Amino acid sequence: MTLPIARPDPERLVRIQKLLEKLVLDSISAARPWRASDSFYCLGLDAAYSRRYGGVGAAVLLDTRLKLLDKEISLGEPNIPYIPGLLAFREAPLFYAALYPLMARHSYKRHNMVIFVDGHGVSHPRRTGIASHIGLALGLPSIGVAKKRLYGREVVTEKTCNEPPCIIGYLEGDDGNKLAAIIRTYTGSRIYVSPGAYIRLEDAVELALTCLRHRPLPEPTYQADKLSKRIARSLDRGTIRPADLKHGLKGLLVGDSSTH
DNA sequence: GCGACAG
DNA sequence: ATCTTGTCGC
C-alpha cells in the first residue's frame with residue numbers, strides 16, 4: 001500500500017522552515033569557535049540533473065590539504081520542483097543518500113568535519129537555506145557556498161580586489177545582521193559564503209578562504225560540482241547506466257570521454 | 001500590480 | 001539546474 005507521506009505543499013514546507021529557524025540560529029550562537037590550527041576534513045555537496053534519470057547527488061571528502069579522499073553519488077527523482085527558498089526539500093534527499101555510505105566509511109572522522117554545500121545557509125528568507133538543513137540533520141558544522149544572491153541587502157565595501165581572494169562585501173538581513181560574505185575568488189568569480197549551522201560567519205569565511213584554489217569555487221564544492229555534472233552527462237550519453245553505480249565509483253571515472 | 005527569486 | 005557554437009584569452 002501507499003505510505004501516507006505528507007503532501008509537500010509549499011505552505012507546509014515554509015512552516016517547517018519557520019520552526020527550524022530557531023534551531024539554526026541557536027546552533028550558530030552556541031557554535032564553538034573554529035580553531036585555525038586544527039586539521040580537519042571537509043565534505044562537499046552538489047547536485048546535477050540528468051534528463052534520463054533525474055537528480056544526481058554528489059558527496060566528496062577532502063582532507064586539510066584539500067586532497068580528494070573519497071566520493072559517493074546518488075540518483076533520484078526530486079519530489080518537488082525548484083522553488084526559491086525551498087531548495088532543501090528538493091535536493092537534500094539526494095545529499096543524504098550520497099552521504100550515508102560515504103560517512104559510514106569514515107565515521108571516526110566526523111569529530112572534525114565541516115560540510116560545504118552548494119547553495120545558501122542563513123542568507124535565506126527564513127535563515128534556513130539548504131546548508132542549514134544539512135548541518136542540522138547531520139549535527140555537523142555546515143557552510144553554504146552560493147553563486148547568486150537569494151536574500152539580503154547586498155553591501156559592497158571593497159570595490160577593488162588587488163590580491164584575491166578578497167571579502168568585497170556582505171549580505172545583511174532586515175535587522176542589519178551580516179548573513180553572508182561576498183568573496184572574490186582567484187579566478188575573479190563572486191561567491192556568497194554563509195554559515196549553515198553550528199558555525200559562525202567569521203569561521204565559515206575563514207574556512208572557505210582556506211579551501212580556495214585557483215578555481216571559481218572552494219575545492220569541496222568545486223569537486224562535488226564536477227563529479228555530479230560528469231555523472232549526469234555520462235548517464236545521458238549512455239556511457240554509464242544506473243546499475244553501474246551500485247557497486248561504487250571505482251574505475252568508472254577514469255578514461256571517460258564525456259568530458260570532451 | 002510590479003520586481004526578485006539559491007539550484 | 002539545463003539547453004548550446006563559437007570565441008576570447010592564458
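The values are calculated or read from the model by the stated rules, or taken from the named source; none is laboratory data. Predicted model, so just to flag it, every value in this text is computed and none were measured. Every residue, glycine among them, receives a Cβ derived from its backbone with ideal geometry; neighbour counts consider all protein chains shown. Protein only, heavy atoms only, side chains kept; ligands, DNA and RNA dropped before computing areas. Shrake-Rupley method; radii C 1.70, N 1.55, O 1.52, S 1.80 Å.
Collect the residues in segment A:22-38 that are within 23 Å of A:Gly173 (Cα to Cα) and either crowded, with 17+ Cβ neighbours inside 10 Å or of a type outside the set (D, E, K, R) (or both), keeping them in residue-number order.
Result: A:Leu23, A:Val24, A:Leu25, A:Ser27, A:Ile28, A:Ser29, A:Ala30, A:Ala31, A:Pro33.
Would you point out which residue out of A:Ile168, A:Ile191 is modelled with pLDDT of 95 or more, in contact with a strand residue (DSSP E or B) (Cβ under 8 Å, 6 or more places away or on another chain), more than 16 Å from DNA strand C (Cβ to nearest atom) and of a type in the set (Val, Ile, Thr)? Full working, then the answer.
Values: A:Ile191 fails: more than 16 Å from DNA strand C (Cβ to nearest atom).
Answer to the check: A:Ile168.
Pick out, from segment A:108-164, the strands (runs of 3 or more DSSP E) lying fully within it that include 2 or more residues that are within 16 Å of DNA strand B (Cβ to nearest atom), touching a residue at least 40 places away in the same chain (Cβ under 8 Å) and under 16 Å from A:Gln17 (Cβ atoms).
Numbers: elements: A:113-118, A:142-146, A:153-156.
It comes to A:142-146.
How many of the residues in segment A:39-79 are within 14 Å of DNA strand C (Cβ to nearest atom) and either in a strand (DSSP E or B) or open to solvent by less than 50 Å² (accessible area, probe 1.4 Å) (or both)?
Result for segment A:39-79: 15.
Given the structure, is A:Lys159 open to solvent by 40 Å² or more (accessible area, probe 1.4 Å), over 14 Å from the mean Cα position of the chain (by Cα), away from DNA strand C (no atom under 16 Å from the Cβ) and not small (Gly, Ala, Ser)?
Values: open to solvent by 40 Å² or more (accessible area, probe 1.4 Å): yes; over 14 Å from the mean Cα position of the chain (by Cα): yes; away from DNA strand C (no atom under 16 Å from the Cβ): yes; not small (Gly, Ala, Ser): yes.
Answer is yes for this residue.
Looking at segment A:90-97, can you tell me whether even one residue there is of a type outside the set (Val, Ile, Thr) and more than 16 Å from DNA strand C (Cβ to nearest atom)?
First pass over segment A:90-97, keeping only residues of a type outside the set (Val, Ile, Thr): A:90-97.
Adding the requirement that they be more than 16 Å from DNA strand C (Cβ to nearest atom) leaves A:96-97.
Looking through segment A:90-97, at least one residue is of a type outside the set (Val, Ile, Thr) and more than 16 Å from DNA strand C (Cβ to nearest atom).
Filter segment A:77-95 for residues that are free of Cβ contacts under 8 Å to residues at least 40 places away in the same chain and more than 8 Å from DNA strand B (Cβ to nearest atom) and give the result.
Narrowing segment A:77-95 to residues free of Cβ contacts under 8 Å to residues at least 40 places away in the same chain: A:77-78, A:81-82, A:90, A:93.
Of everything in segment A:77-95, those that are free of Cβ contacts under 8 Å to residues at least 40 places away in the same chain and more than 8 Å from DNA strand B (Cβ to nearest atom) turn out to be A:Glu77, A:Pro78, A:Pro93.
Out of contact with any Phe, Trp or Tyr (no Cβ under 7 Å at 6 or more places or on another chain), free of Cβ contacts under 8 Å to residues at least 12 places away in the same chain and away from DNA strand B (no atom under 13 Å from the Cβ) - does that describe any residue in segment A:191-208?
Yes: segment A:191-208 contains one or more residues that are out of contact with any Phe, Trp or Tyr (no Cβ under 7 Å at 6 or more places or on another chain), free of Cβ contacts under 8 Å to residues at least 12 places away in the same chain and away from DNA strand B (no atom under 13 Å from the Cβ).
Out of the residues in segment A:231-242 that are assigned to a helix (DSSP H, G or I) and open to solvent by 60 Å² or more (accessible area, probe 1.4 Å), which is farthest from DNA strand B (Cβ to nearest atom)?
Residues of segment A:231-242 that are assigned to a helix (DSSP H, G or I), as a first pass: A:231-237, A:242.
Next cut, open to solvent by 60 Å² or more (accessible area, probe 1.4 Å) only: A:233, A:237.
Numbers: A:Arg233: 15, A:Arg237: 21 Å.
Applying the filter and picking the extreme gives A:Arg237.
Would you please name the residue that is farthest from A:Asp63 (Cα to Cα), looking only at residues in segment A:1-34 that are in a loop (DSSP other than H, G, I, E, B) and modelled with pLDDT of 80 or more? So that I can check it myself, show each step before the final result.
Within segment A:1-34, the subset in a loop (DSSP other than H, G, I, E, B) is A:1-9, A:30-34.
Still in the list and also modelled with pLDDT of 80 or more: A:8-9, A:30-34.
Values: A:Pro8: 37, A:Asp9: 39, A:Ala30: 25, A:Ala31: 22, A:Arg32: 21, A:Pro33: 20, A:Trp34: 16 Å.
Ranking the candidates gives A:Asp9 first.
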